[in-house]
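The values are calculated or read from the model by the stated rules, or taken from the named source; none is laboratory data. Since we're looking at a predicted model, the values are computed, not measured. A quick note on method: Cβ atoms are made from the backbone with ideal geometry, for glycine too, and the neighbour counts reach across all protein chains shown.
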Amino acid sequence: MTILVTGSDGHLGEALMRTLRAESRWVRGIDIKPSAFTDMVGSISDRAFVRQAMSGISHVIHAATLHKPHVATHGNYDFLDTNIAGTLHLLEEATAAGVASFVFTSTTSTFGAALTPVAGEPAAWVTEDVLPVAKNIYGVTKLAAEGLCELFARKSGLPVVILRTSRFFPENDDDPAIRNRYSAENAQANELLHRRVDISDVVGAHLLALEKAPAIGFGRYIVSATTPFSASDLAAIRHNAPHVVERLFPGAGALYASRGWKMFPALDRVYVNERARRELGWQPRYDFRFVLDCLRDDREWRSPLALDIGSKGYHDEIFAEGPYPVG
């Protein structure tokens with residue numbers, strides 16, 4: 001049983017390759033960039049390369065993509081070629097090869113404008129049933145790729161699981177207001193409340209999806225750290241998030257103060273992972289409670305895998321307005 005991992009030089013691709021190799025599983029990594037985790041160099045937009053890479057493959061994890069930070073540096077057709085045509089090539093060749101399961105890494109960015117309620121409204125409770133409203137070419141192409149995945153599952157019988165992952169990158173936030181007010185570590189700890197997941201937990205979700213896809217047939221799941229909030233908290237966290245956090249975690253404010261951290265004053269969304277936990281049996285470990293336990297014990301709260309991979313960025317150059325430009 002050989003697993004194909006696309007985008008093997010990326011954050012998630014490397015994490016998957018490290019984990020699968022550590023488990024002594026047969027795995028083949030492909031990427032447009034050579035690396036210690038890339039076995040074959042080429043583009044998924046090249047149909048002949050995809051066919052060659054698929055030889056002898058029984059399972060596919062498709063993590064390669066142009067990301068949101070590429071919107072300012074790549075054209076629309078680049079996104080179409082990679083995110084849509086590349087996904088179509090993989091689906092067609094996977095079907096022809098008779099692979100047992102296909103896992104597609106999507107993103108909560110597909111929800112787009114549906115994530116931000118109007119002023120005065122409660123925070124958004126985001127489940128898989130929320131209708132996406134794409135905001136840019138990244139969201140449009142990831143949604144289109146999801147549609148292709150569903151089509152192949154329905155029409156060709158290819159077992160497909162789509163994972164809409166929330167933030168797991170370690171770089172500073174793309175929003176200057178966040179970068180200027182919070183350290184990266186502080187902001188990312190805050191985000192585990194509602195819109196972030198540790199890369200180790202992301203890997204775990206992918207491997208479970210790979211295993212369960214044949215029984216599921218087709219499924220779509222949000223992959224984000226388990227929120228401590230309930231739907232009844234949505235109005236309060238939009239108005240005064242620190243108060244709600246302190247109610248749920250007495251002493252959290254003091255722990256934060258001892259570190260020189262501060263909580264976001266308000267939250268506009270909460271990603272809900274209940275379906276992934278129920279249907280995939282996924283149990284993310286690195287949540288906000290874990291952060292507080294680590295702060296209390298003066299331990300590292302990020303996973304060893306996240307620390308091993310570190311910051312990779314998305315471009316070969318550093319931009320004046322932050323680690324990466326976003327259009």
Worksheet item: Is at least one residue of region 243-259 more than 18 Å from residue 186 (Cα to Cα), touching a strand residue (DSSP E or B) at 6+ places or on another chain (Cβ under 8 Å), at pLDDT 95 or above and assigned to a helix (DSSP H, G or I)?
Response: no
Fill in: Matching residues in region 269-315 - criterion: being farther than 26 Å from residue 259 by Cβ and touching a strand residue (DSSP E or B) at 6+ places or on another chain (Cβ under 7 Å)
272, 273, 275, 276, 279, 280
Item to complete: Looking only at region 47-73, count how many residues are free of Cβ contacts under 8 Å to residues at least 40 places away in the same chain and in a loop (DSSP other than H, G, I, E, B).
Response: 0
Discussion item. So, in region 113-159, how many residues would count as being surrounded by 20 or more Cβ atoms within 10 Å (Cβ to Cβ) and in contact with a Pro (Cβ under 8 Å, 6 or more places away or on another chain)?
Written reply: 6
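Can you say whether residue 179 is surrounded by 16 or more Cβ atoms within 10 Å (Cβ to Cβ) and under 15 Å from the mean Cα position of the chain (by Cα), as far as the supplied structure shows?
Working: surrounded by 16 or more Cβ atoms within 10 Å (Cβ to Cβ): yes; under 15 Å from the mean Cα position of the chain (by Cα): no.
Taking the combined requirement at face value, the residue does not satisfy it.
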Practice prompt. May I ask you to list the residues in region 228-242 that are part of a loop (DSSP other than H, G, I, E, B) and touching a helix residue (DSSP H, G or I) at 6+ places or on another chain (Cβ under 7 Å)?
Written response: 228, 229
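In the list 180, 186, which residue meets the criterion of being in a helix (DSSP H, G or I), out of contact with any Phe, Trp or Tyr (no Cβ under 9 Å at 6 or more places or on another chain) and closer than 30 Å to residue 240 by Cβ? If you could, list the steps in order and put the result at the bottom.
On the way: 186 fails: out of contact with any Phe, Trp or Tyr (no Cβ under 9 Å at 6 or more places or on another chain).
The match here is 180.
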Fill in: Hits in region 253-274 (condition: of a type outside the set (A, V, I, L, M) and under 15 Å from residue 287 (Cβ atoms))
271, 273, 274
Worksheet item: Hey, among 225, 213, 209, which residue is crowded, with 21+ Cβ neighbours inside 10 Å and part of a loop (DSSP other than H, G, I, E, B)?
Response: 225
Discussion item. The conditions are (1) under 28 Å from residue 94 (Cβ atoms); (2) of a type outside the set (D, E, K, R); (3) without any contact (Cβ under 8 Å) to a residue 60 or more places away in the chain, and residue 138 fails exactly one of them. Which is it?
Written reply: (3)
Worksheet entry | Residue within region 16-29 that is under 30 Å from residue 134 (Cα atoms) and basic (Lys, Arg) present | no
Discussion item. Quick test of your reading of the structure: residue 32 fulfils all but one of (1) closer than 24 Å to residue 164 by Cα; (2) in contact with a helix residue (DSSP H, G or I) (Cβ under 7 Å, 6 or more places away or on another chain); (3) not charged (D, E, K, R). Name the failing condition by number.
Written reply: (2)
Discussion item. Filter region 244-263 down to the residues that are of a type outside the set (Lys, Arg) and surrounded by 14 or more Cβ atoms within 10 Å (Cβ to Cβ) and list them by number.
Written reply: 244, 245, 246, 248, 249, 252, 253, 255, 256, 261, 263
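Please find, within region 128-141, the residue that is farthest from residue 271 (Cα to Cα) out of those that are outside any loop (DSSP other than H, G, I, E, B) and either among the hydroxyl-bearing types (Ser, Thr, Tyr) or at pLDDT 95 or above (or both). It would help to see each step written out before you state the result.
Quick first cut of region 128-141, residues outside any loop (DSSP other than H, G, I, E, B) only: 133, 137-141.
Pick out the ones that are also either among the hydroxyl-bearing types (Ser, Thr, Tyr) or at pLDDT 95 or above (or both) and you get 138, 141.
Details: 138: 19, 141: 21 Å.
Looking at residues that are outside any loop (DSSP other than H, G, I, E, B) and either among the hydroxyl-bearing types (Ser, Thr, Tyr) or at pLDDT 95 or above (or both), I get 141.
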